[in-house]
Amino acid sequence: MFEYRRKEAAVFRKTRERFGELSNMAAGFPLMVNGHLYRTAEALYQCCRFPNHPDVQREIMYQRSPMAAKMVGKPHRIHTRGDWDETRVEIMWWVLRVKLALHWDAFSNVLLSTEDLPIVEESHRDAFWGTIAKDDDVLRGENALGRLLTELRDRRCRLDAERLRRVLPPKVPDFLLLAEPVGIVNDAQLIHQRSDHQSVLPGFIET
């Protein structure tokens with residue numbers, strides 16, 4: 001378990017609060033992988049649970065909210081890949097890399113706005129990906145998501161940061177989306193940003 005002082009960390013909880021765009025639930029960061037669109041990082045991550053069930057992945061993709069994308073997979077958890085506990089951190093790292101590569105300026109700005117503070121997700125009950133408040137000042141948990149984001153920010157600050165624009169698939173067996181092996185993702189696949197992109201999302205989803 002890690003312990004953080006709220007005033008000494010970049011803490012995020014709700015997507016509309018400060019640093020909220022670091023959340024996988026944040027809108028405005030749709031992701032295109034293998035020619036298919038995922039509305040949020042959360043939707044992409046949840047799809048990765050079910051590599052051998054493209055029907056479940058497609059159901060997750062079509063949800064309009066990230067919470068719905070998360071919840072719709074719950075009845076299918078029995079089909080979660082058998083090595084999920086061993087691979088989920090590596091898969092999350094890949095999802096975050098994709099988010100940065102496809103939203104280089106916008107997501108870089110969010111990451112860099114945390115300066116050199118540890119990035120910490122605050123949660124009501126998840127002490128693995130985030131932390132739980134013990135009092136008004138202390139947050140305690142594994143903070144796995146926050147630590148991945150901190151590592152990503154630190155790599156973004158390096159001189160060779162341009163390498164982050166190209167994302168290889170993780171070395172995970174049967175890493176499939178919609179029955180296809182996941183290919184390399186790079187910013188050439190960036191979705192054209194429009195202020196009304198939410199209204200045009202269905203047109204990007206290939207069936």
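Just so it is clear, none of the values below were taken in a lab; they were calculated from the coordinates. What you see is a predicted model; the values in this text were computed from it and never measured. Using ideal geometry, Cβ is built from the backbone for each residue, glycine included, and neighbour counts are taken over all protein chains shown.
In debye to the nearest 20, how big a dipole does the chain give about its Cα centre with +1 on each Lys and Arg Cβ and -1 on each Asp and Glu Cβ?
The dipole of the chain has a size of about 240 debye.
Mean residue ellipticity at 222 nm from the helices of the chain, using -39,500 (n - 2.57) per DSSP H segment of n ≥ 4 over the full residue count, to the nearest 500 deg cm²/dmol?
When only DSSP H runs of four or more count, the value is -10000 deg cm²/dmol.
If the chain were replaced by its equivalent ellipsoid, with semi-axes equal to the square roots of 5 times the Cα gyration tensor eigenvalues, what would those be, largest first, whole Å?
Working through the eigenvalues yields semi-axes of 26, 20, 17 Å.
Under the classification rounded if a/c is under 1.5, otherwise prolate if a/b is larger than b/c and oblate if not, where does region 90-129 fall, given a ≥ b ≥ c as square roots of the Cα gyration tensor eigenvalues?
Since a/c reaches 1.5 but b/c is at least a/b, the shape of region 90-129 is classed as oblate.
Could you calculate the FRET efficiency of Lys7 with Tyr62 from 1/(1 + (r/R0)^6), where r is the beta carbon distance between them and R0 is 45 Å, rounded to 0.05?
Calculated transfer efficiency: 0.65.
Averaging sequence separations of C-alpha pairs under 8 Å and six or more residues apart, then dividing by the length of the chain, give the relative contact order as a whole percent.
Answer for the chain is 27 percent.
What FRET efficiency, computed as 1/(1 + (r/R0)^6) with R0 = 30 Å and r the Cβ-Cβ distance, is obtained for Ala161 and Glu17, rounded to the nearest 0.05?
Once the sixth-power term is evaluated, E becomes 0.65.
If r is the Cβ-Cβ distance from Ala133 to Asn109 and R0 is 30 Å, what FRET efficiency results, to the nearest 0.05?
Efficiency for this residue pair is about 0.65.
Please report how far the C-alpha centroid of region 104-174 lies from that of region 41-95, rounded to the nearest whole angstrom.
Cα centroid to Cα centroid, the span is 20 Å.
Go through Lys99/Lys171; Lys74/Lys99; Lys7/Lys99 and tell me which ones have a Cα-Cα distance over 21 Å in this structure.
Checking Cα-Cα distances, Lys74/Lys99; Lys7/Lys99 exceed 21 Å.
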